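Worksheet: one structure, shown below.
The values are calculated or read from the model by the stated rules, or taken from the named source; none is laboratory data. Only a predicted model underlies this, so the values are computations on that prediction, with no experimental measurement involved. Every residue, glycine among them, receives a Cβ derived from its backbone with ideal geometry; neighbour counts consider all protein chains shown.
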Amino acid sequence: MTNNGKPYLTPSEAAKVLMVSPVTVRAWAQKGLLPSETTRGGHRRFLRESVELFAKQTKATLPAKELRVLVVDDNRQVSGFLLEWLTGLDEPLIVDTAANGFEVGSKIHTFEPDVILLDPMMPGIDGFMVYRQIKDNPETRDIRVIAMTGHLSPENQQRILATGAETCVTNPLDTQFLLGLLKANLLS
């Protein structure tokens, strides 16, 4: 089956399937390890079937998937704690932080997170608006969003979940519960 009805993948799309960087995909193609074709415009394209076959044949040598986690909180102590704690775990995690809703917009496209840990109560563009922007955009709607708040009232929880967040965790954080939520991505 093809993505979006297209039988060919770009280097970035092939990289996601193979869980490596686009540079690695291009290098494999240049070495003749991964079959590719070149468009009239000089762009490399990969037949989806070839990428999937390559993935099966090299499964043992492909790296474990690293989970990309973006921590968004205007409280530098909270984001600093989460950054230190998550990067100190014996899990394949890559972690970055953002201090406000504006930063999230650019980091979604440059960091490409799998999961966003997001405080809904931020100045400027609040987390509720960020949730809606993520979930309304076809390119980002599959990013898991987990709300983190110290102000979890029934009204806030209902509002958070209605905007598309997966769940809410309260501050102080139950780190084992949060780790369990993140591990769900690592096992899938």
- Query: Looking at (1) farther than 26 Å from Gln176 by Cβ; (2) under 17 Å from the mean Cα position of the chain (by Cα), can you tell me which one Ala55 breaks?
  - Reply: (2)
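Considering only residues that are more than 20 Å from Val130 (Cβ to Cβ) and among the charged types (D, E, K, R), look in segment 152-186 and name the one that is modelled with the lowest pLDDT.
Taking segment 152-186 as the starting set, the residues that turn out to be more than 20 Å from Val130 (Cβ to Cβ) are 154, 172, 174-177, 179-180, 183-184, 186.
With among the charged types (D, E, K, R) added as a condition, the list becomes 174, 183.
Numbers: Asp174: 87, Lys183: 80.
Ranking the qualifying residues of segment 152-186, first place goes to Lys183.
When you go through Thr39, Thr97, Thr2 one by one, which is the residue that is at pLDDT 90 or above and polar (S, T, N, Q)? Explain how you work it out, then say what you get.
On the way: Thr39 fails: at pLDDT 90 or above; Thr2 fails: at pLDDT 90 or above.
On inspection, the qualifying residue turns out to be Thr97.
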- Note on the structure: Checked against (1) touching a strand residue (DSSP E or B) at 6+ places or on another chain (Cβ under 9 Å); (2) surrounded by 13 or more Cβ atoms within 10 Å (Cβ to Cβ); (3) in the same structural domain as Lys135 (by TED's automatic domain parsing); (4) on the phi < 0 side of the Ramachandran plot, Pro35 satisfies every condition except (3)
- Message: Among the residues of segment 115-133, are any within 16 Å of Ile146 (Cβ to Cβ), of a type in the set (A, V, I, L, M, F, W, C), at pLDDT below 85 and part of a loop (DSSP other than H, G, I, E, B)?
- Response: yes
- Query: Just checking, which of Val104, Val145, Val130 is under 20 Å from Ala184 (Cα atoms) and assigned by TED's automatic domain parsing to the domain that holds Thr175?
  - Reply: Val145
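Do we find a residue being hydrophobic (A, V, I, L, M, F, W, C), in contact with a Lys or Arg (Cβ under 9 Å, 6 or more places away or on another chain), over 18 Å from Thr175 (Cα atoms) and in contact (Cβ under 8 Å) with a residue 40 or more places away in the chain anywhere in segment 39-55? Explain how you work it out, then say what you get.
From segment 39-55, those hydrophobic (A, V, I, L, M, F, W, C) are 46-47, 51, 53-55; that's our starting set.
Going one step further and asking which of them are in contact with a Lys or Arg (Cβ under 9 Å, 6 or more places away or on another chain), we end up with none.
No, that holds for no residue.
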- Query: What pairs can you find where one residue is in segment 155-177 and surrounded by 14 or more Cβ atoms within 10 Å (Cβ to Cβ), the other is among the aromatic types (Phe, Trp, Tyr) and outside any loop (DSSP other than H, G, I, E, B), and their Cβ atoms are less than 6 Å apart, with a gap of 6+ or different chains?
  - Reply: Thr163/Phe128; Thr163/Tyr131; Gly164/Tyr131; Ala165/Tyr131
- Query: Within segment 124-132, is there a residue that is within 22 Å of Glu66 (Cβ to Cβ) and crowded, with 18+ Cβ neighbours inside 10 Å?
  - Reply: no
- Task: May I ask you to list pairs of residues, at least six apart or on different chains, whose Cβ atoms are under 8 Å apart, with the first in segment 13-29 being among the charged types (D, E, K, R) and the second being outside any loop (DSSP other than H, G, I, E, B)?
- Result: Glu13/Asn3; Glu13/Phe46; Arg26/Pro11; Arg26/Arg44
